[in-house]
Amino acid sequence: MRIYLDMCCYNRPYDPQEQLTVAMETQCKLMIQRFVEEGKYDLVASYTLDFECGNIPSPIRKRQIAEFLRKNTKIYVSHIGDREISKKAEEIMKANIKEYDAYHVASAIYAGCEYFISVDYRLLKYKTDKIKMVTPIEFITEMEV
């Protein structure tokens, strides 16, 4: 099964953990990460993730996320499909989705992902029949059933 996590999801473990939802999302994201490392899911990454990772101000956080992506990405969406991805992203942006978020979703759809995983609740309001949009908690809950 192909999955795509956006940069908000990769950054979740670095957020303050005082809120229960944040702590639960962090634990579920780390569990997803472990399953990816074990080969249970095929991780999809994209040039949009690389760009956003490169803009992370913390060198430690940037290095850890980049290293995980480097070691575990099974399918990489590069600029090769950019025309098709751009067209899909423009369509997604018409639903009031920010540009980078739209490119993440478009890249995931282009790669044939079944799930798009994020902690960006505004983005998760976007609905399409092309991919299932879920939080890490929802993903783990669905996979355990």
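Numbers below:
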| item | result |
| --- | --- |
| Filter result for Ile109 (farther than 25 Å from Thr26 by Cβ, in a helix (DSSP H, G or I) and in contact with a Phe, Trp or Tyr (Cβ under 6 Å, 6 or more places away or on another chain)) | no |
| Residues of the range 36-80 that turn out to be in a helix (DSSP H, G or I) and over 15 Å from the mean Cα position of the chain (by Cα), as a count | 12 |
| Tabulated pairs, the range 83-110, first in contact (Cβ under 8 Å) with a residue 24 or more places away in the chain and over 16 Å from Arg122 (Cα atoms), second of a type in the set (Lys, Arg) and in a helix (DSSP H, G or I), C-beta under 8 angstrom, 6+ apart or interchain | Tyr110/Lys88 |
| Single unsatisfied condition, Lys74 versus (1) touching a residue at least 24 places away in the same chain (Cβ under 8 Å); (2) exposed (fewer than 15 other Cβ atoms within 10 Å of the Cβ); (3) closer than 26 Å to Lys125 by Cβ; (4) of a type in the set (Lys, Arg) | (3) |
| Subset of the range 1-25 (residues that are of a type in the set (Ser, Thr, Tyr) and surrounded by fewer than 18 Cβ atoms within 10 Å (Cβ to Cβ)) | Tyr14, Thr21 |
| Subset of the range 92-145 that is farther than 19 Å from Tyr76 by Cβ and aromatic (Phe, Trp, Tyr) - its residue that is surrounded by the fewest Cβ atoms within 10 Å (Cβ to Cβ) | Tyr121 |
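All of the numbers you see were taken from the coordinates with simple rules; none came from a lab. Bear in mind the structure is a predicted one, so any value in this text is a computation, not a measurement. Note: ideal-geometry Cβ built from the backbone for every residue, glycine included; neighbour counts use all protein chains shown.
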